[in-house]
Amino acid sequence: MNDQAQRLRNLISNRDAQPLKSTRIITVTSGKGGVGKSNFTLNFALALQRKGFKVLVFDADIGLANIDVLMGMTAKYNLYHLLKKEKTIWEIIQTGPEGLQFIAGGSGFQDLIRLTEEQLDDFADQVGQLNGHVDYIIFDTGAGLSKETLKFILAAEETIVVTTPEPTSITDAYAIIKMVHAMDHDIPFRLVVNRVADRREGWQTAEKISMVAKRFLQLDIPTLGYVADDRNVSKAVKRQIPFTIAYPSCEASRAIDELADDFLAKQLPAEAQSGAVKGFLNKMIKLLKP
């Protein structure tokens, strides 16, 4: 009788935990390091979560994986443990502030590009289990034109490019857009200009990239928004607390909240998102296989 009652409770629990209809895959990248890409990713994910969406951040920066550091946490497990079959996908998911889920990269992505075909299929089976269990998976990729970063961008549904008003940052942001567009014309980009003095500087920076992309690539790059050069951001980094938590009313936090609203207002149609994780993995495996 007790066994029957337990089975009934399990059935009710499984019914209540039905997966979501779709999971959307987004990559965040930048043309160069030091533009605040990971900090943007973390706080953007938190902003989406506060609006009622379930988000998983996947730290895919091979050289400088630091999402856990920005949260003041030490990840117990990371992608390496999954690839070595020491842990399942569910066991390497960590929980950060406000319940934000994340997977630390560690040295795992260096191993990922050296896997055999059978190991890649096992990896795909594991990650594929995430489909429908979160609304968004956000991959924080490495900065610059590495082959690993390019593979993540080419496999994802869309890419957010983070830049700053500095000339080198603008040039490098355009360079990564140009390279990806040459490989796949259908990858949609959105632009975020970080550390702006004011909205006018943000608009001017975005306009420079948009105009060049339109002229030479025949590519429209919409601007998602601008984030102020706010001293509270660096203060939060030193405290190892996301700035939207440490200073929720500061200028940068308000900008992130607006960005999240704009992002949600211009989503892809639901039918285009179905099977997103499976589609992402299929593309990724093809790109990674020797």
- Identify, by number, the condition in (1) under 19 Å from the mean Cα position of the chain (by Cα); (2) at pLDDT below 90; (3) farther than 29 Å from G52 by Cα that A173 doesn't meet. (2)
- Query: Does E166 qualify as being within 23 Å of S234 (Cα to Cα), surrounded by fewer than 21 Cβ atoms within 10 Å (Cβ to Cβ) and out of contact with any helix residue (DSSP H, G or I) (no Cβ under 6 Å at 6 or more places or on another chain)?
  - Reply: yes
- Message: What are the pairs with Cβ atoms under 8 angstrom where one residue, in the range 31-42, is within 11 Å of S169 (Cα to Cα) and the other, located anywhere, is part of a helix (DSSP H, G or I) and not aliphatic (A, V, I, L, M)? Sequence gap at least six, or different chains.
- Response: G31/S169; G31/T171; G31/D172; G31/Y174; K32/T168; K32/S169; K32/D172; V35/S169
- Message: Just to be sure I understand the filter: pairs with C-beta atoms under 9 Å, separated by 6 or more residues or on different chains, first member in the range 235-248 and closer than 12 Å to P97 by Cα and modelled with pLDDT of 95 or more, second member assigned to a helix (DSSP H, G or I) and of a type in the set (D, E). Which pairs pass?
- Response: P242/E98; T244/D257; I245/E98
- Message: Being at pLDDT below 90 and either part of a strand (DSSP E or B) or of a type in the set (S, T, N, Q) (or both): is that true of Q49 here?
- Response: no
- When V193 is run through (1) more than 21 Å from V69 (Cβ to Cβ); (2) surrounded by fewer than 22 Cβ atoms within 10 Å (Cβ to Cβ); (3) of a type in the set (A, V, I, L, M), the failure sits at (2)
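Could you identify the single residue in V192, V196, V161 that is under 13 Å from the mean Cα position of the chain (by Cα) and of a type in the set (A, V, I, L, M, F, W, C)? It would help to see each step written out before you state the result.
Details: V192 fails: under 13 Å from the mean Cα position of the chain (by Cα); V196 fails: under 13 Å from the mean Cα position of the chain (by Cα).
So the residue among V192, V196, V161 that is under 13 Å from the mean Cα position of the chain (by Cα) and of a type in the set (A, V, I, L, M, F, W, C) is V161.
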- Query: From the list G105, G96, which residue is at pLDDT 90 or above and within 23 Å of V233 (Cβ to Cβ)?
  - Reply: G96
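Condition test on D172, is it farther than 27 Å from Q101 by Cα and in a loop (DSSP other than H, G, I, E, B)?
Details: farther than 27 Å from Q101 by Cα: yes; in a loop (DSSP other than H, G, I, E, B): no.
So D172 does not fit the description; no.
Could you tell me which of the residues T159, T171, T88 is under 16 Å from I221 (Cα atoms), surrounded by fewer than 20 Cβ atoms within 10 Å (Cβ to Cβ) and polar (S, T, N, Q)? Spell out the reasoning first.
Working: T159 fails: surrounded by fewer than 20 Cβ atoms within 10 Å (Cβ to Cβ); T88 fails: under 16 Å from I221 (Cα atoms).
Only one candidate passes the filter, namely T171.
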- Message: Can you find, within the range 56-81, the residue that is modelled with the highest pLDDT among those that are outside any loop (DSSP other than H, G, I, E, B) and surrounded by 23 or more Cβ atoms within 10 Å (Cβ to Cβ)?
- Response: V57
- Query: How many residues, within the range 41-77, are in contact with a Lys or Arg (Cβ under 9 Å, 6 or more places away or on another chain) and closer than 20 Å to S146 by Cβ?
  - Reply: 1
- Note on the structure: Taking the range 197-226 and keeping residues within 14 Å of P167 (Cα to Cα) and of a type outside the set (A, V, I, L, M, F, W, C) leaves E201, G202, Q204, T205, E207, K208
- Looking only at the range 119-151, and only at residues there that are modelled with pLDDT under 75 and part of a helix (DSSP H, G or I), the one that is farthest from A236 (Cα to Cα): Q119
- In the set I245, I209, I221, which member is assigned to a loop (DSSP other than H, G, I, E, B) and either crowded, with 16+ Cβ neighbours inside 10 Å or within 22 Å of the chain's Cα centre (by Cα) (or both)? I221
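The values are calculated or read from the model by the stated rules, or taken from the named source; none is laboratory data. Bear in mind that the values here come from a model prediction, so they are computed numbers and not experimental data. Note that we place each Cβ from the backbone using ideal geometry, even for glycine, and neighbour counts take in every protein chain shown.
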